[in-house]
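Note sheet for the following structure.
The values are calculated or read from the model by the stated rules, or taken from the named source; none is laboratory data. If you're wondering where the values come from, they're calculated on a predicted model, not measured in any experiment. Cβ: placed from backbone, ideal geometry, glycine included. Neighbour counts: every protein chain shown. Ligands, DNA and RNA are stripped out before the accessible areas are found, and what is left, the full protein with its side chains, is counted by its heavy atoms. Shrake-Rupley method; radii C 1.70, N 1.55, O 1.52, S 1.80 Å.
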Amino acid sequence: MDQQYDAVAETIRIEGTRILATLIRTVGDVQLAEDAVQEATLAALGAWPVTGVPPEPRAWLTVTARRKAIDIIRRERARAAKERDGSELIELNRRDLDPAGAFDLDRAFDLERAFDLERAFDAHRALVAEGARAPECSLSAGAALDSDAMQQDDLLRLIFTCCHPSLSPPTRVALALRTLCGLSPAQIAGVLLTTEVATTKRLVRARQKIAAARIPYRVPSEPELPDRLPAVCAVIHSLYTAGHAPLEGETAYDVDLCAEAIRLAELLHTLLSDQPMPTAVLALLLLTESRRPARVDTSGEVVTLDQQDRTLWDRDLITRGVALLNDSLNRSDRQADAYQLQAAIAAEHARVPSYSATDWREIVRLYELLNQVSPSPAAQLGHVVAIAETGEVDTALNLLDAIPQTARWHAIRAELLARQSHYAEAVTELTKALECTPANHPEQSHRKRRQALFTHHANNPTPHPAPPSDHTQPEAAPSATRLGL
Amino acid sequence: MPQYLALTYTADVDWWAPEQAEELAEYRKFGVEYAEKVKASAVLHPTATATVVRVEGARGGPIVTTDGPYAETKEALTGYYLIEAEDLEEAIKIAAEIPAAWGGAVEVRPVILAK
């Protein structure tokens with residue numbers, strides 16, 4: 001029963017995004033549309049576990065959500081009428097104070113259309129009452145459902161509105177999680193490491209801005225896409241990174257952010273399949289995801305790339321990721337972008353049967369390009385590791401000096417020093433790395449083990465072969481964007 | 001048609017100073033080019049000429065004035081344009097043509113229109 005309920009909830013959540021996208025266009029108001037979809041969701045959660053999921057859940061939800069929207073408008077009209085009984089001043093103030101309030105009927109809703117919809121719903125109800133079994137039988141003939149193409153456009157509109165450059169990056173992420181993934185403010189707060197109250201405030205302000213400042217609900221034109229796509233891709237990529245490599249402390253949320261990010265990446269790629277950037281994002285995510293089964297061992301410990309059991313890597317995902325990467329590269333006439341380069345690095349690792357077979361010179365080259373296109377401390381550290389793996393440990397240590405010091409920086413420096421048998425210094429670096437990360441950081445126990453090993457070597461200065469290199473990228477996507485708020 | 005107030009934040013200059021003439025001409029050029037979209041505009045004297053006014057307690061209370069700008073910042077409010085635009089994207093496109101956008105910053109705020 002619970003499992004069935006979960007399946008129903010999942011269907012509703014995923015379909016909900018499409019319905020929301022369409023409803024926002026119809027009613028012209030994000031808040032109203034969200035409320036209506038929310039109510040329709042509750043209705044479905046009440047009905048479906050009992051009646052079973054209808055053959056066309058989206059049609060069911062669309063019809064219900066539209067009906068709920070009309071109900072809400074009716075309620076609001078009744079409320080507004082009561083308020084008009086008060087003095088005109090109060091009414092004026094209310095409007096002034098709440099310019100982006102949920103209801104601006106004149107602008108936000110074409111009443112005529114609402115009434116048409118009502119007729120459609122009435123007809124639909126009559127048909128159902130007569131014994132027509134599935135709602136879509138009656139409705140697909142009517143005007144209430146949109147074509148697939150229209151729905152695709154609606155989704156794109158929603159994506160580009162949520163990721164509009166005039167909204168701050170964390171707001172884009174929060175809006176995407178709310179409207180595109182259907183997560184609750186509490187879940188989003190868990191993901192963004194903030195409070196539910198702060199998340200709700202952020203979402204309310206974002207909706208107010210969309211309405212008051214008139215962020216248009218439309219898909220950018222072809223020439224505008226190069227300017228607008230990076231913001232969308234960054235949202236998806238940072239979602240994946242947040243789910244994949246939690247940077248600060250243990251994750252306490254029940255959401256598989258990686259799955260959400262991949263779903264959005266698949267969606268964007270489907271909607272804009274001829275655009276190289278979304279294709280590269282999907283390739284990168286799938287290639288990174290392919291290694292996920294090997295990232296953590298049975299006891300929950302992080303396994304670094306060199307120690308991973310490569311037979312656990314998902315070959316299907318790798319094949320698809322590489323094909324998408326090639327497709328993306330074929331479609332772009334410019335220099336490779338950051339997603340293509342990161343995907344290429346992941347593909348290079350996926351291509352070889354073992355860590356020792358890695359073509360580090362190629363990886364160094366790709367990191368150099370990545371640092372030209374999109375420099376970041378994470379990409380610089382990746383570059384340093386790759387240089388060290390080609391055997392040039394001195395060069396790597398020198399390069400490290402120019403990079404900001406983080407826990408990972410100290411951990412990498414420790415490994416490089418150990419390569420040169422400077423074990424005491426390596427232990428000091430690992431101590432620093434452990435000091436500046438919370439005790440429940442996923443890499444913490446791995447680093448403690450390395451510290452113990454190097455301490456042992458430091459105390460037993462027999463000519464020891466260098467320990468197996470173990471300072472490789474923990475599987476984070478290299479230029480991980482932090483979800484800082 | 002929705003309206004936006006585009007507030008220009010730039011170095012706190014005296015626009016009448018001879019060395020500003022060239023820049024001021026750039027602003028005039030913008031004003032002429034976007035005459036149809038600009039409903040009102042003003043250039044402000046430097047913040048040194050500003051007076052901050054407060055009334056103590058409630059309305060009718062003693063008037064307290066303070067000399068100088070409300071807040072000392074590197075970029076000061078130096079003028080504004082009231083522009084008409086279809087939506088935020090059009091408003092941003094217009095604001096990006098105001099010289100302050102590259103010499104400082106332009107803040108675009110939607111205006112609440114009386115019904």
Segment A:283-422: spread of alpha-carbon positions along the three principal axes, whole Å, largest first, is 45, 41, 25
For segment B:91-115, state which residues have at least 30 Å² less accessible area in the presence of all protein chains than in their chain by itself, taking the probe as 1.4 Å and leaving out ligands, DNA and RNA.
B:PRO110, B:ILE112, B:LYS115
Which order do the peptides B:102-114, A:272-284 come out in when sorted by mean C-beta neighbours inside 10 angstrom, highest first?
A:272-284, B:102-114
Would you mind computing, in nm to one decimal, how far apart the modelled labels at A:ASP274 and A:ALA259 are, each placed 7 Å from Cα along Cα→Cβ?
3.4
For A:THR51 and A:LYS448, calculate 0.36 nm times their separation in residues minus their Cα-Cα distance, and state this gained length in nm to one decimal.
137.5 nm
For segment A:1-53, shape from the Cα gyration tensor axes a ≥ b ≥ c, cut at a/c of 1.5 then a/b versus b/c, turns out prolate
Exactly which trypsin sites (Lys or Arg not before Pro) in segment B:46-86 are in a DSSP loop and have at most 12 other Cβ atoms within 10 Å?
B:ARG59, B:LYS74
What are the residues of segment A:209-248 that lose 10 Å² or more of accessible area, with a 1.4 Å probe, going from their chain alone to all protein chains?
A:ALA212, A:ALA213, A:ARG214, A:PRO216, A:ARG218, A:GLU224, A:ARG228
Protection proxy (average C-beta count within 10 Å per residue), highest first, orders B:14-25, A:408-419 as A:408-419, B:14-25
Using r as the Cβ-Cβ distance of A:GLU368 and A:ASN398, and R0 as 22 Å, what FRET efficiency do you calculate, to the nearest 0.05?
0.90
Under a 1.4 Å probe, what is the accessible area of segment A:318-442 per residue, stated in Å²?
45
Separation between Cα centres of segment B:30-77 and segment A:284-363, rounded to whole Å:
57
Work out the mean other chain Cβ neighbour count within 10 Å for the residues of B:82-89 and drop it here as an integer.
3
Return the sequence-ordered ³J(HN,Hα) values of segment A:326-339 in whole Hz as given by the Karplus equation 6.51 cos²θ - 1.76 cosθ + 1.60 applied to θ = phi - 60°, using x for Gly and Pro.
4, 4, 5, 5, 5, 8, 9, 9, 9, 4, 4, 8, 4, 6
Per-residue mean of other chain beta-carbon atoms within 10 angstrom of the beta-carbon, peptide B:24-34?
0
Gyration tensor (alpha-carbon) shape descriptor, segment A:289-363, a/c threshold 1.5
prolate
Let's test the formula: R0 of 41 Å, r as the Cβ-Cβ distance of A:LEU42 and A:ARG218. What FRET efficiency results, to the nearest 0.05?
0.85
What does chain B give for Rg and for Dmax, in Å, if only its C-alpha atoms count?
16.2, 47
Calc'd 3J(HN,Hα), segment B:96-112, phi into Karplus 6.51 cos²θ - 1.76 cosθ + 1.60 (θ = phi - 60°), Hz, glycine/Pro = x, comes to 5, 8, 6, x, 4, 5, 9, x, x, 7, 10, 9, 9, 10, x, 9, 6
Using alpha carbon centers only, segment A:382-400 is separated from segment A:53-71 by a whole-angstrom value of 58
Reachable lysines from A:LYS448, Cα under 22 Å, same-chain residues fewer than 8 places away excluded?
A:LYS432
Residue separation between A:ARG310 and A:THR455 times 0.36 nm, minus their alpha-carbon distance, gives in nm 49.2 nm
Per DSSP H run of at least 4 residues, take -39500 (n - 2.57); add these up for chain B, divide by its residues and hand me the 222 nm value, nearest 500 deg cm²/dmol.
-6000 deg cm²/dmol
Would you mind checking segment B:33-77 for residues with the amide N under 15 Å from a putative spin-label position 7 Å along Cα→C-beta of B:TRP16?
B:43-50
Show which lysines lie in cross-link reach of A:LYS201 when reach means a straight Cα distance below 21 angstrom and same-chain residues fewer than eight apart are skipped.
A:LYS209
So which trypsin sites (Lys or Arg not before Pro) in segment A:179-236 end up in coil per DSSP with only 10 or fewer other C-beta atoms within 10 Å?
none
Area hidden from solvent between B and A (accessible, protein heavy atoms only, 1.4 Å, total, Å²):
1100
Can you give me the distance in nm between label points at B:ALA40 and A:VAL204, each placed 7 Å from the Cα along the Cα-to-Cβ direction?
3.0
For a test of the definition: using alpha carbon positions, the gyration tensor, and the 1.5 limit on a/c, classify segment B:62-115 as rounded, prolate or oblate.
oblate
Suppose R0 equals 35 Å. What FRET efficiency, 1/(1 + (r/R0)^6) with r the Cβ-Cβ distance, do A:VAL296 and A:SER166 give to the nearest 0.05?
0.35
